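The values are calculated or read from the model by the stated rules, or taken from the named source; none is laboratory data. The structure presented is a predicted model; accordingly, all values stated were derived computationally and were not measured. Note that each Cβ is placed from the backbone with ideal geometry, even for glycine, and that neighbours are counted across all protein chains shown. Ligands, DNA and RNA are excluded from the accessible area calculation, which covers all protein heavy atoms including side chains. Shrake-Rupley method; radii C 1.70, N 1.55, O 1.52, S 1.80 Å.
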Protein chains: 2
Amino acid sequence: MLSKELIAASTRPILLSILERGENYGYALLQEIEKISAGQIVWSEGMLYPVLHRMENEGIIESFWQEAEKGRPRKYYKITEKARPIIQVEKQQWSTVNQVLKKLWKPVKPIRNST
Amino acid sequence: MLSKELIAASTRPILLSILERGENYGYALLQEIEKISAGQIVWSEGMLYPVLHRMENEGIIESFWQEAEKGRPRKYYKITEKARPIIQVEKQQWSTVNQVLKKLWKPVKPIRNST
DNA sequence: GCAATATACCTAACGCCATTAGGTATGTCA
DNA sequence: TGACATACCTAATGGCGTTAGGTATATTGC
């Protein structure tokens, strides 16, 4: 169970990275992330759908309805050209923080003793 | 300039990791993170002080006033024993997300062409 | 002497966003 | 026929970063 802050920070980068590999629909994305993270990351629908709508409003992704062989129609999302630079910035920002944390998590060098 | 979501997700882990290495006071922490991140991460006071107060209320850190050689007294913070397991969980959570992103950012293997 | 700047702390109003908790609709299986 | 999985959506709530203030001390420049 991730903290809500970490969810907030990682959802967009993860979503865009998944969609970068191919279009997909909301419900499948919920299962996809759970699978990729080996059950570590679980998204709620109440979080995901608003995020998708917001990103569509911003023009980062776009949607189209598609009939499934069975069940109700699915709303597929795909990234737009506008998404590319955003993904780059997000990667860079994530790396910045990750490098700082990696640095801080390195054990402190003990002071060499002269004995 | 980091996104506010990434700030929210990283502030506590970073703060606790810095304080794990030694007690420090608020204003110095602002400069410390800027230095460690080579200017990439800049915290605002309006973000930092409430975070410190919240963590103190939760018993994760504790504070004491100390006179400086010059200027006003400083409020130093140090981690408590309660912080240790929390830091561990945060490290683990961060690593989980980081591994997922690393996986997603690996270039997709192109299909070998028979030409 | 006095204004500007750096240090060092604090807080209130605002807006964004995940959570919680609902709702609708279709198809399958017992 | 009732339960469950699939598949979409939204409203109310609370937490938290941003913005924009405030207070106090010490130094530096005019």
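Each residue, residue A:1 and residue A:31, gets one label point 7 Å from its Cα in the Cβ direction; the gap between the two is 2.5 nm. Taking every residue in A:9-18 and counting other chain Cβ atoms within 10 Å of its Cβ, the average works out to 5.
Across peptide B:90-98, the average count of Cβ atoms from other chains found within 10 Å of a residue's Cβ is 6. Debye-formula intensities of chain B, expressed as log10 I(q)/I(0) at q = 0.11, 0.13, 0.20, 0.23 Å⁻¹, are -0.45, -0.59, -1.18, -1.43 (one equal scatterer per alpha-carbon, no solvent). For the protein assembly as shown, carbon and sulfur atoms together expose 51% of the accessible surface, with a 1.4 angstrom probe and every protein chain in place.
Relative to the Cα centre, the charge distribution of the protein assembly as shown, modelled as +1 at Lys and Arg Cβ and -1 at Asp and Glu Cβ, gives a dipole magnitude of about 800 debye.
How high is the relative contact order of chain B, given as a whole-number percent (alpha carbon pairs under 8 Å, six or more residues apart)?
Worked out over chain B, it gives 25 percent.
Would you work out which of B:60, B:98, B:40 lies farthest towards the positive end of the dipole of region B:39-115? Charges go on Cβ: Lys and Arg +1, Asp and Glu -1. Going by the charge dipole, the pick is B:98.
Taking chain A as a Gaussian network, Cα atoms linked when under 10 Å apart, which of A:91, A:102, A:70 shows the biggest mean-square fluctuation? Between A:91, A:102, A:70, it is A:70 that shows the largest mean-square fluctuation. Among chain B residues, the one whose Cβ is nearest the axis of the rotation from B to A, given with its distance rounded to whole Å, is B:9, 2. Charging the Cβ of each Asp and Glu at -1 and of each Lys and Arg at +1, and nothing else, the dipole of chain A about its Cα centre rounds to 740 debye.
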